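Student: Structure below; questions to follow.
We did not get these values from a lab; they are worked out from the coordinates using the rules stated. The structure displayed is predicted, hence computed values, not measured ones. Counting neighbours? That spans all protein chains shown, and the Cβs are built from the backbone with ideal geometry, glycine included.
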Amino acid sequence: MTETPHLSPQEVIDLYKAEFGAGIHDARISERGEGVHKTKGYNIWIRLDRELLKPAIKKLIDIRFPHFAVIAGNDLGEEIELLYIFSVFYGTKFGEYMVTFGIRLPKTDLTVPTITDLMPGALLSEREKQEFFGITVSDIPDGRRLFLPDDFPQGVYPWRKDETGIKPEMVRELWAIDRPKDRPVPPVPEKKPVEEVPAAEGKEKKTGGAAE
Amino acid sequence: MNGDTTKKSIPYTVPIGPVHPALKEPVMFTFQMEGEVVKSVDFAPGNTHRGIEWMGMRRNPVQIVHLTDRICGICGIVHSLSFARAVEQITEIEVPPRADYIRTILHELERIQSHLLWAGVAAHELGFDSLLFLAWRVREQSMDLIENLTGNRVNYGIVQIGGVRRDISNDQIPLIKQGLAYYRGLLDQMKTVFLDDSTIRMRCRGHGLLSYRDAQLLCAIGPTARASGVAMDVRHDYPYCAYGDLDVHPVLPPQEFGGPHGDVYDRIIVRLLEIAQSINIIQQCLDNLPAGEILWEKKLPKLLLTLKKAQGEAIGRVEAPRGECMHYVRMDGNDAPVTWKVKASSYSNLMSWIPMLKGEQLADVPIIVASIDPCMSCTDRVSVIRDGGSPGYLTKEELTRLSIEKTRRIEKCH
């Protein structure tokens with residue numbers, strides 16, 4: 001594979017703008033310097049048409065084989081935004097940039113092509129997005145659940161903020177839960193819980209985790 | 001498991017996990033075996049998923065920092081540091097240089113203790129329990145130092161948005177230097193016991209191979225990728241904390257050992273050399289430790305008010321002992337972030353198991369699985385373990401026995 005020389009963040013964006021033109025909705029660079037010398041690190045954010053996702057990733061592979069980190073996602077109400085987070089030019093002293101491709105999927109059509117043909121290591125992240133956002137990754141080589149247990153209800157997607165998200169009745173107040181009844185008897189008898197005076201109602205609500 | 005486990009023809013199905021002491025971390029493996037040889041592998045993580053991100057999206061960033069401390073029991077600082085760095089970028093909070101240096105010092109102390117912990121586990125998986133005890137005994141020095149600096153052995157609670165919560169006093173600096181001298185004196189000895197041991201070499205050299213190309217394609221990171229020759233290290237590639245001021249290079253398996261092979265042995269070499277590297281980094285930080293404040297804002301209500309107004313998105317990433325750790329945060333002017341995505345280091349390394357384990361013997365499974373230093377609680381983001389096990393499973397004793405027997409066998413041939 002021919003490798004392009006190291007580019008500046010703006011040059012990367014220019015390449016994308018030249019190739020994809022109006023398909024790029026937004027492209028920006030964020031920078032951050034820390035320590036005494038404030039040496040800058042750069043992140044490139046590119047928001048583009050959903051059809052351009054795979055061509056954009058191919059383009060990045062042509063520039064220099066990138067490292068794929070993860071797919072993050074935002075529930076924006078009517079749409080779900082997926083962010084494919086890569087980094088490119090690793091191995092160059094302070095020359096690596098994060099490159100994030102953002103695409104938006106309307107909730108009426110939550111289908112996205114798999115990128116595992118370009119980046120096999122993205123499989124776990126794609127499986128995770130399927131179960132946590134309820135999107136469909138077409139042609140995914142392995143569409144099983146990843147983290148969620150098999151008995152987790154179908155049609156509930158933990159990271160959605162609409163009616164398909166975690167319902168309030170699924171949130172258990174941990175402090176109020178007794179030992180499960182369907183488990184084997186513990187080898188050593190459990191101590192009887194000491195009669196505790198429950199703390200003030202308001203305080204417990206907070207620790208219950210549903211501070212929406 | 002399904003009915004496959006009882007079928008009586010080749011390939012045999014051997015399930016290991018989900019909670020299996022020989023694996024150290026809860027993950028379910030299903031091996032298709034032909035005799036002793038692994039034909040194919042499947043694994044299922046998620047046995048300890050606690051939904052920490054979901055919890056975080058209902059809390060404010062200062063609360064989340066303490067939640068991030070509890071993502072992992074070994075990496076006490078990397079998650080809180082990644083998260084804090086992401087939030088600091090959104091809010092444009094300037095971290096005082098002294099705090100950046102203190103963060104770096106703890107970051108590296110953590111790498112020392114984590115790599116030593118791993119070295120002990122690796123020795124145990126090979127049947128060298130005396131080496132396990134030696135490695136864990138010398139690890140105590142770094143744990144004591146961390147406790148001295150942060151107040152805790154695990155869950156340090158040192159990182160705050162905008163800096164660190166505890167300063168390093170002038171009395172503590174000689175203690176750190178003492179600790180560094182202790183490890184410097186041990187380095188040669190550690191290299192000798194791990195690398196000059198013919199049995200360790202025979203068990204690890206050429207086993208659990210991960211090629212350069214596979215490491216790239218499967219997105220491996222950290223020592224796992226570096227042992228396969230991929231020169232990536234966030235500390236070198238992407239400046240953060242004090243690393244922008246320092247000279248850090250990715251540690252690759254050196255020429256004297258024949259260059260990168262991408263096997264278990266190379267992963268041992270890389271981690272041992274990284275301990276030496278960490279000692280140097282801490283020394284550099286102590287020599288150049290800037291004076292000044294350690295927090296952007298001491299008053300919590302003011303910090304919370306700034307955080308509440310924050311709008312935007314950012315990525316915070318650091319080089320954890322196991323590789324890149326990355327947090328994506330998006331805030332929209334409310335208390336809690338809209339999105340918080342944690343990408344722990346093992347999340348990227350798990351896929352590498354598949355090429356590593358193919359064609360290997362069952363007795364080599366424990367050390368190969370351990371060789372990427374998997375941290376399932378990071379990946380699953382959880383820590384609850386349930387009793388289990390069924391008659392069809394290999395017990396920990398059996399699997400460890402297989403491994404120890406192989407070591408003995410090899411010793412006899414030698």
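Student: Among the residues of the range B:317-339, which ones are facing chain A (nearest Cβ under 9 Å), buried (at least 24 other Cβ atoms within 10 Å of the Cβ) and more than 20 Å from B:Ala231 (Cα to Cα)?
Tutor: Passing the criteria: only B:Tyr328.
Student: With A:Pro153, A:Pro55 as the choices, which residue is away from chain B (no Cβ under 12 Å), surrounded by fewer than 19 Cβ atoms within 10 Å (Cβ to Cβ) and touching a residue at least 24 places away in the same chain (Cβ under 8 Å)?
Tutor: The conditions single out A:Pro55.
Student: Just need a number here: residues in the range A:137-171 that are in a strand (DSSP E or B) and not hydroxyl-bearing (Ser, Thr, Tyr).
Tutor: The total comes to 1.
Student: Here's something else I'd like to know. Where in the range B:32-117 are there helices (runs of 4 or more DSSP H), lying fully within it, with 1 or more residues that are away from chain A (no Cβ under 14 Å) and not basic (Lys, Arg)?
Tutor: B:61-69, B:78-91
Student: Still on this model: Within the range B:206-229, take every residue that is more than 9 Å from chain A (Cβ to nearest Cβ) and in a loop (DSSP other than H, G, I, E, B) and give me the one that is surrounded by the most Cβ atoms within 10 Å (Cβ to Cβ).
Tutor: Only one residue fits best here, namely B:Leu210.
Student: If B:Lys191 passes every condition in (1) closer than 25 Å to B:Cys285 by Cβ; (2) touching a Pro at 6+ places or on another chain (Cβ under 8 Å); (3) charged (D, E, K, R); (4) more than 14 Å from chain A (Cβ to nearest Cβ) but one, which one does it miss?
Tutor: Every listed condition holds for B:Lys191 apart from (2).
Student: Okay, moving on. Within the range A:157-183, can you find the residues that are touching a helix residue (DSSP H, G or I) at 6+ places or on another chain (Cβ under 7 Å) and either at positive phi or within 12 Å of another protein chain (Cβ to nearest Cβ) (or both)?
Tutor: Of everything in the range A:157-183, those that are touching a helix residue (DSSP H, G or I) at 6+ places or on another chain (Cβ under 7 Å) and either at positive phi or within 12 Å of another protein chain (Cβ to nearest Cβ) (or both) turn out to be A:Tyr157, A:Pro158, A:Trp159, A:Arg160, A:Ile166.
Student: Checking the structure you have, find out if any residue of the range A:78-89 is more than 13 Å from every other protein chain (Cβ to nearest Cβ), part of a loop (DSSP other than H, G, I, E, B) and surrounded by fewer than 21 Cβ atoms within 10 Å (Cβ to Cβ).
Tutor: Scanning the range A:78-89, I find at least one residue that is more than 13 Å from every other protein chain (Cβ to nearest Cβ), part of a loop (DSSP other than H, G, I, E, B) and surrounded by fewer than 21 Cβ atoms within 10 Å (Cβ to Cβ), so the answer is yes.
Student: Still on this structure: Is it the case that A:Ile71 is farther than 17 Å from B:Pro250 by Cβ and at the interface with chain B (Cβ under 7 Å from one of its Cβ atoms)?
Tutor: In short, no.
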